[in-house]
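Before any comments, here is the structure.
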Amino acid sequence: MGSELSTNGDVYSYGILLLEMLTGKRPTNERFKEGLSLHNFVKAALPNRVVEIIDPILLQESVRGGIVAGITLNENNLGNDEYLQCLNSIFKIGLTCSTESPSERMDMSDVVTKLCSIKDKLLRPTRFYRGIRTAYDTKPTGI
């Protein structure tokens, strides 16, 4: 952002990287000119339009892996879908890390805590009983 080097700059870069990975869009994309930025693009879409901004490849991979059922690009059932709620939470982390004011950015220890909490929410065993498979559902093959 043109200031002196600091860990706040690293936090900003991490936030932009998260947004880039989740949207599949680079901050240098032609779309982000004349006041629109990747940060503002995501901020305008949250919380109700996560499906519209998420990289379609991520949705395809999650459906193929059995994590998500019944998501389409025209259906925004965020309140009912735990996977989309978790994506929304990760987007919020990216936004908080990439705010313009360094003093408003998250501390990286808080980022790690929140990401671990999101991971635990996605992988908790109750998902198996709803017919959704997780990485913990597969049994190890014999040695």
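The values are calculated or read from the model by the stated rules, or taken from the named source; none is laboratory data. Please read these numbers as outputs of a predicted model, since none were measured by experiment. Cβ atoms come from the backbone with ideal geometry, glycine included; neighbour counts cover every protein chain shown. Areas reflect the complete protein model, heavy atoms only, side chains present, ligands, DNA and RNA absent. Shrake-Rupley method; radii C 1.70, N 1.55, O 1.52, S 1.80 Å.
Below, the figures for the structure above:
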| read-out | value |
| --- | --- |
| Every pair of residues 6+ apart whose Cβ atoms lie under 6 Å, when the first sits in the range 82-103 and is at pLDDT 90 or above while the second is aromatic (Phe, Trp, Tyr) and surrounded by 19 or more Cβ atoms within 10 Å (Cβ to Cβ) | Ser98/Tyr12 |
| Any pair with Cβ under 6 angstrom, 6 or more apart, that starts in the range 27-39 at a residue that is within 20 Å of Arg105 (Cα to Cα) and ends at one that is at pLDDT 80 or above and among the β-branched types (Val, Ile, Thr) | Pro27/Ile16 |
| Of all residues in the range 15-37 being among the small types (Gly, Ala, Ser) and not in a helix (DSSP H, G or I), the one that is nearest to the chain's Cα centre (by Cα) | Gly24 |
| Inter-residue pairs, beta-carbon under 8 Å, first at pLDDT below 70 and in the range 50-62, second surrounded by 15 or more Cβ atoms within 10 Å (Cβ to Cβ) and of a type outside the set (Val, Ile, Thr), 6+ apart | Ser62/Tyr83 |
| From Leu73, Leu78, Leu17, residue being modelled with pLDDT under 90 and open to solvent by 30 Å² or more (accessible area, probe 1.4 Å) | Leu73 |
| Criterion violated by Gly35 - all others in (1) at pLDDT below 80; (2) among the small types (Gly, Ala, Ser); (3) open to solvent by less than 60 Å² (accessible area, probe 1.4 Å) satisfied | (3) |
| The range 102-111 - residue that is in a helix (DSSP H, G or I) and not β-branched (Val, Ile, Thr) and, of those, surrounded by the fewest Cβ atoms within 10 Å (Cβ to Cβ) | Ser103 |
| Verdict on Thr28 being among the polar types (S, T, N, Q), at pLDDT below 80 and surrounded by fewer than 18 Cβ atoms within 10 Å (Cβ to Cβ) | no |
| Index of the failed condition, Phe128 passing every other in (1) within 15 Å of the chain's Cα centre (by Cα); (2) at pLDDT below 70 | (1) |
